[in-house]
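So the structure is just underneath, and the comments pick up after that.
The values are calculated or read from the model by the stated rules, or taken from the named source; none is laboratory data. All values derive from a computational prediction rather than experimental measurement. Neighbour counts run over all protein chains shown; Cβ positions are idealised from the backbone, glycine included. When the accessible area is computed, the model is the full protein with side chains, heavy atoms only, and any ligands, DNA or RNA have been set aside. Shrake-Rupley method; radii C 1.70, N 1.55, O 1.52, S 1.80 Å.
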Amino acid sequence: MSIGNSPEDERPFENEHVEADHEEARPSIGHVLRQARIAAGLTVDDVSSATRVRMSIVHAIEADDFSACGGDVYARGHIRTLAKAVQLDPEPLLAQYGDEHGGRPAPTPAAPLFEAERIRPERRGPNWTAAMVAAIVAVIGFVGFTMFQGDDSGNEANVAEGSTPSDSASPTTKTKKPADPKPEPSDSAIAAVPQDKVTVRVAAVDDPSWIAAKDHNGRMIFDGLLKQGDTKTFQDSSKVHLVLGDAGAVDLFVNGKKIEENFQPGSVERLTYTKGDPEAG
């Protein structure tokens, strides 16, 4: 009688090969982030400037090296930040990171809370000395008020007998002048820009967008994320250079006039404006 494996015994090994092939087919986290950055037309320097994540860490994560992040919690935070910067949903990448690195980090133990509860100072009894002092002050104040009322009643009797009170006793009513209403902002304020400078205003209308602005010397004026509803205005004596991370999410005004360009959502635009624009941009 020969001893061998039945077909049922061999099936688990076949499933293991299928699962291994599936794991090999799934691209790594760093590969996905790198391909999305390239597709968005961004360099590592652009992403580092937009997210405040150092370039060395961005390079390391794109190479699937998370040791430079400083821990599991920081690695997850960097993955989330970089994914949003290149217009990716971070949740699938975070789930993949959890599968490959042991799931979610353990919650913070609650021991410090109980320690703080134990060292709370005990409640003291009422301060009877302070209460007695307050009662004495109240009695003295009541006696003085009663004596003052007696003097006022004598003065009122003199007035009733025919004496004329002084003019200074007559009450004077002061009429408050109504406060000047604040001027309402008008649309002409947008067009009232200096003629000897170039003025560029960027407003994040539909979604947040990373933007960068440089003056005519190439010096950085602003580099960061413009949240939805926020507005930034830049001025220079001759020229403003712009980089819009999501040009389709913003409204652009140059020298008081709106730039009517059909920018697509998620597109990266590099623009330059001068005092003579918006004739050209």
> Looking at segment 72-87, which of its residues are open to solvent by less than 80 Å² (accessible area, probe 1.4 Å) and either assigned to a helix (DSSP H, G or I) or at pLDDT 95 or above (or both)?
Replying inline: D72, A75, R76, G77, H78, I79, T81, L82, A83, A85
> So T108 clears everything in (1) more than 18 Å from H31 (Cα to Cα); (2) among the β-branched types (V, I, T); (3) open to solvent by 30 Å² or more (accessible area, probe 1.4 Å); (4) at pLDDT 90 or above except one condition, right? Which one?
Replying inline: (4)
> Mind checking which residues of segment 41-60 are closer than 21 Å to I211 by Cβ, touching an Asp or Glu at 6+ places or on another chain (Cβ under 9 Å) and either assigned to a loop (DSSP other than H, G, I, E, B) or open to solvent by 20 Å² or more (accessible area, probe 1.4 Å) (or both)?
Replying inline: S49, A50, M55
>> For segment 266-281, which positions are under 23 Å from V86 (Cβ atoms) and either open to solvent by less than 20 Å² (accessible area, probe 1.4 Å) or at pLDDT 85 or above (or both)?
In response: V268, E269, R270, L271
> Within segment 24-39, which residues are in contact (Cβ under 8 Å) with a residue 60 or more places away in the chain and either surrounded by 19 or more Cβ atoms within 10 Å (Cβ to Cβ) or assigned to a helix (DSSP H, G or I) (or both)?
Replying inline: I29, V32, L33
> Do you know which residues across segment 24-71 are touching a Gly at 6+ places or on another chain (Cβ under 6 Å) and at negative phi?
Replying inline: I61, E62, A63
> Here are some conditions: (1) among the hydrophobic types (A, V, I, L, M, F, W, C); (2) modelled with pLDDT of 55 or more; (3) not in a loop (DSSP other than H, G, I, E, B). V193 meets all but one. Which one does it not meet?
Replying inline: (3)
> So, in segment 61-71, of the ones that are open to solvent by 20 Å² or more (accessible area, probe 1.4 Å) and part of a helix (DSSP H, G or I), which residue ends up nearest to D223 (Cα to Cα)?
Replying inline: E62
> Just a yes or no: is a residue in segment 220-232 of a type in the set (S, T, N, Q) and in a loop (DSSP other than H, G, I, E, B)?
Replying inline: yes
>> With the requirement that a residue be closer than 17 Å to H31 by Cα and either touching a residue at least 12 places away in the same chain (Cβ under 8 Å) or among the aromatic types (F, W, Y) (or both), what does segment 41-64 give you?
In response: G41, L42, V44, V47, S56, I57, V58, H59, I61, E62, A63, D64
>> Which count do you get for residues in segment 233-258 that are closer than 14 Å to R270 by Cα, in a strand (DSSP E or B) and open to solvent by 10 Å² or more (accessible area, probe 1.4 Å)?
In response: 4
> Residues I259, I211, I221: which one is free of Cβ contacts under 8 Å to residues at least 24 places away in the same chain, touching a strand residue (DSSP E or B) at 6+ places or on another chain (Cβ under 6 Å) and closer than 22 Å to R52 by Cβ?
Replying inline: I221
